[in-house]
Amino acid sequence: MEKFLSCDWGTSSFRLRVVELNGTKVIAGENDSPGIAKVFELWKMAGQPEALRFPFYLEPVRQSIGSIQKKLNCSLDGFPLVISGMACSTLGMIDLPYKEVPFYADGSDLITKAFAATDDFKHDIIFISGARTESDVMRGEETQLVGCVPGKEEQLFIFPGTHSKHVTVKEGKAVAIKTYMTGEFFALLSTNSVLSASIERPVDSKPGNKKAFEAGVKESLHSNLLHSSFKIRTNDLFHNFSREENFHYLSGLLIGTEMRELAGTAGSITLVTNSQLHAHYELAFDLIMENPGALKFQDADEAIVKGQSKIWNRLVKQKLFSDGI
């Protein structure tokens, strides 16, 4: 098999790509389907029996595959489908147990589950489960970690997002997970709190935005978040920052609160993210760390397809697919 379908299905996002196994080059993609949380909401509203849950969730995947086929003007039948993220959670298509840490960062002992292609859905499906500690969990980031190819030295990998994850790797094994609700707190405070009246999403880049972000990061280093977040309100009242600048001030405040625990961290640190968050985390890192400029970077989209490809190839070598699933 020369190509596979890569599905990264998160709580609020969905990405499906056609990927070449050799070199993990993305041929085409689709991201218009809803995230798992929305599909779960629709599933509950539909009131269907549990036996129909799997095909219900499979429908948006089928539609996205159809959209890509139209773009490419060719059939994708027979291409295996690899799914990671929240699709195998209590909110998703199936509920797979988490792999407990430590686990090998090359993905060799992650939990997977396979479903054979049918006449109705002509794709073998592989689900990749998440990982857990005694007090924390992640789904999706473990597959990105596999795609980052961690070394033997101690490393910290940061996966920003709605629930940002910090994963510690030692001697080739992931040994710790810490979750920071950075993105979700930003959404709640900027849209559903009294602070929302003092915040506006910027429509373009202005010099004052960076200044406001830096002010937020610096404030986070010495102030209690429950107090400093109210400055969003007074920044507006006292005309310290515009409402657009307040957007960046809040971002700096929350990212700074997440990153400040890293001061003095030994070992290398790699940020696994997209271009949208890259600059913000890099700037916060440079303001907080004693060794600015030492942060390494890995593209999150590249990491997910590489991780899925490695896990798929491992399963093939184990002859899981030699005679079908």
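When P207, P202 are checked against the criterion of being within 18 Å of S275 (Cα to Cα) and either among the small types (G, A, S) or in the same structural domain as H278 (by TED's automatic domain parsing) (or both), P202 stands alone in meeting it.
Where strands (runs of 3 or more DSSP E) fall entirely within the stretch 1-90, those with at least 1 residues that are at pLDDT below 95, among the charged types (D, E, K, R) and more than 20 Å from F121 (Cα to Cα) are at 14-20.
Candidates L96, L81: the one that is closer than 18 Å to I311 by Cβ, in contact with a Leu (Cβ under 8 Å, 6 or more places away or on another chain) and in the same structural domain as K306 (by TED's automatic domain parsing) is L81. Tell me, yes or no, whether the stretch 110-121 has at least one residue that is in a loop (DSSP other than H, G, I, E, B), farther than 23 Å from H166 by Cβ, out of contact with any His (no Cβ under 8 Å at 6 or more places or on another chain) and among the charged types (D, E, K, R). Checked against the condition, which is being in a loop (DSSP other than H, G, I, E, B), farther than 23 Å from H166 by Cβ, out of contact with any His (no Cβ under 8 Å at 6 or more places or on another chain) and among the charged types (D, E, K, R), the stretch 110-121 yields at least one hit. Sub-6 Å Cβ pairs linking a first residue in the stretch 269-281 that is touching a residue at least 60 places away in the same chain (Cβ under 8 Å) to a second residue that is part of a strand (DSSP E or B) and of a type in the set (A, V, I, L, M), at least 6 apart or interchain, are I269/L156; L271/I158; Y281/L271, ordered by first then second residue. Listed by first and then second residue, the pairs with beta-carbon distance under 8 Å, at least 6 apart or on different chains, first residue in the stretch 154-170 and farther than 12 Å from G267 by Cβ and not assigned by TED's automatic domain parsing to the domain that holds G267, second in a loop (DSSP other than H, G, I, E, B) and at pLDDT 95 or above, are T162/M181; H163/M181; S164/M181. Report whether or not S64 is within 19 Å of R139 (Cα to Cα), among the polar types (S, T, N, Q) and buried (at least 19 other Cβ atoms within 10 Å of the Cβ). Here the answer is no, as S64 does not meet what is asked.
With respect to the conditions (1) at pLDDT below 95; (2) in contact with a Phe, Trp or Tyr (Cβ under 9 Å, 6 or more places away or on another chain); (3) not aromatic (F, W, Y), L277 falls short on a single one, namely (2). Evaluate the stretch 261-269: report whether one residue or more is over 17 Å from the mean Cα position of the chain (by Cα), assigned to a helix (DSSP H, G or I) and on the phi < 0 side of the Ramachandran plot. Within the stretch 261-269, one or more residues are over 17 Å from the mean Cα position of the chain (by Cα), assigned to a helix (DSSP H, G or I) and on the phi < 0 side of the Ramachandran plot.
The values are calculated or read from the model by the stated rules, or taken from the named source; none is laboratory data. Just so it is clear, the structure is predicted and the values come from calculations on it, not from any experiment. Here Cβ is always computed from backbone atoms with ideal geometry, including for glycine, and neighbour counts include all displayed protein chains.
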